[in-house]
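Readers should treat all values here as calculations from the given coordinates under stated rules, not as data from a laboratory. Not measured: the values here are computed from a predicted model. All Cβ positions, glycine included, derive from the backbone under ideal geometry; neighbour counts span all protein chains shown.
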Amino acid sequence: MKKVFFILLAGLLVSCSNTPKNTDVNANFDAFKQRFVDQLWVLYPGWASSVGYHKFDSILVVPDAAFHQKELAFSKTYLDSLHGFDKEKLSSNNKTDCAMIDNALEGIAWNVKSYRDFEWNPSNWNVCGSFGEMLNGTYSSLDARLRLMYVRMANIPAYYAEAKNAIKNPTEEHRQLAIDQNNGGSEIFEKDYIDSVTACSSLSADEKQRMIERS
């Protein structure tokens, strides 16, 4: 799903700069695309962070039943809006974007209703990579990133509690992959994060203590 979204976003960013603004329908569609991308980041803050949008770095989504309902609501709302456009009046670029957004939104609903890989693929449940990207990032100061990580880490217990609740009949290959990935990634919290807090940051002693306790 993330690969599909990345391709989608890349297409949107290119086409937004090339779409003619000489008709109301194309101008309205460009505005729709911007709203869609903005709300996509809100819904999937981890993915947003991974592609360089860091406004929501402090948020770790727990993909529970309530979150999946949000995904379905997002899909329905934006599909309804999308289908309100007269496609024949869209520019060539916007016709392409329209088809890509349609496929992506249908894909969200299909994943929640039918594919449901969050139930049988435990390797999807892993926070290590996203925290590693934040720790090794260069987009802001180390202290700022550590503070965001500290807030984000508060949801880790709920995240893995939901993983235990959600996973049903996992495939053996994905089960072993999940074990290997989570065990391998645990060094981020057990060593790298603590080293950064204690030796590399300029945080206060109280902040360092709180951060170490949470890890």
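Structure values in brief
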item	result
Trypsin sites (Lys or Arg not before Pro), loop per DSSP, at most 13 other Cβ atoms within 10 Å - longest free stretch of the chain	56-167
Coil-residue chymotrypsin sites (Phe, Trp or Tyr not before Pro) of region 126-215, DSSP, other Cβ within 10 Å capped at 15	Tyr139
Prolate/oblate/rounded call for region 35-118, Cα gyration tensor, a/c under 1.5 rounded	oblate
Cβ-placed point charges (K, R +1; D, E -1), dipole of the chain about Cα centre in debye, nearest 20	340
Estimated [θ] at 222 nm from DSSP helical runs (n ≥ 4, -39500 (n - 2.57)) normalised by residues in the chain, nearest 500	-20000 deg cm²/dmol
Rounded if a/c under 1.5, otherwise prolate or oblate - the chain, Cα gyration tensor axes	oblate
